[in-house]
Amino acid sequence: MVRDWVTFHTGAPLVVAKDAQFALGTWADLMPVDRFAIGLPDYPDRAATLIVEMPELIPQGARVIGPGIETTAHLNLPEIAAFRANRALFPQGFDTYLTCGGQVAGLPRSTIVEAV
């Protein structure tokens with residue numbers, strides 16, 4: 001149902017993970033995330049953007065540092081290792097939006113993630 005709705009309303013084609021520009025789902029739905037495009041050395045903008053529906057977004061858990069964060073912030077991430085591995089690929093890597101209802105948190109590939 002959701003696939004049909006997204007395809008109809010956006011005109012976005014349904015493709016396999018490695019060809020996706022955008023991917024929607026829970027973290028479990030999107031695993032393993034290393035199957036998504038991370039861009040090319042000359043074209044890092046050809047990476048996928050993951051839109052992850054979370055059960056909740058709360059300011060606790062991993063420490064995040066980077067664009068749009070004045071100093072540091074904390075965020076409950078679905079997993080720390082995947083975001084740290086993604087940061088190691090910079091300037092390549094996927095970008096992520098975490099959503100929960102009307103809340104959104106953006107984690108670009110340049111975000112530094114530290115366990116606390």
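The values are calculated or read from the model by the stated rules, or taken from the named source; none is laboratory data. This one's a predicted model, so the numbers in the text were calculated from it and none came from an experiment. Here the Cβ positions follow ideal geometry from the backbone for every residue, glycine too, while neighbour counts run over all protein chains shown. Protein only, heavy atoms only, side chains kept; ligands, DNA and RNA dropped before computing areas. Shrake-Rupley method; radii C 1.70, N 1.55, O 1.52, S 1.80 Å.
Restricting attention to the stretch 79-94, which residues are open to solvent by less than 40 Å² (accessible area, probe 1.4 Å) and within 23 Å of Pro55 (Cα to Cα)?
Hits for the stretch 79-94 are Ala82, Phe83, Asn86, Phe94.
Restricting to the stretch 6-43, what's the tally of residues that are part of a helix (DSSP H, G or I), open to solvent by 70 Å² or more (accessible area, probe 1.4 Å) and at pLDDT 95 or above? Step through it out loud before you land on a result.
Applying the first criterion (part of a helix (DSSP H, G or I)) to the stretch 6-43 yields 6-10, 17-19, 27-30, 33-35.
Retained after the next criterion (residues that are open to solvent by 70 Å² or more (accessible area, probe 1.4 Å)): 8-10, 18-19, 28-29, 34-35.
From what is left, the residues that are at pLDDT 95 or above are 18-19, 28-29, 34-35.
Summing the residues that are part of a helix (DSSP H, G or I), open to solvent by 70 Å² or more (accessible area, probe 1.4 Å) and at pLDDT 95 or above in the stretch 6-43 gives 6.
From the list Arg46, Arg63, which residue is part of a strand (DSSP E or B) and touching a His at 6+ places or on another chain (Cβ under 7 Å)?
Working: Arg46 fails: touching a His at 6+ places or on another chain (Cβ under 7 Å).
Criteria check complete, one pass: Arg63.
Return the only residue of Ile38, Ile69 being over 15 Å from the mean Cα position of the chain (by Cα) and closer than 16 Å to Pro108 by Cβ.
Only one candidate passes the filter, namely Ile69.
Pairs under 9 Å by beta carbon, first residue more than 22 Å from Leu89 (Cα to Cα) in the stretch 15-34, partner loosely packed, with under 11 Cβ neighbours inside 10 Å and of a type outside the set (A, V, I, L, M, F, W, C), six or more apart or different chains?
Final answer for the pair search is Thr26/Pro55.
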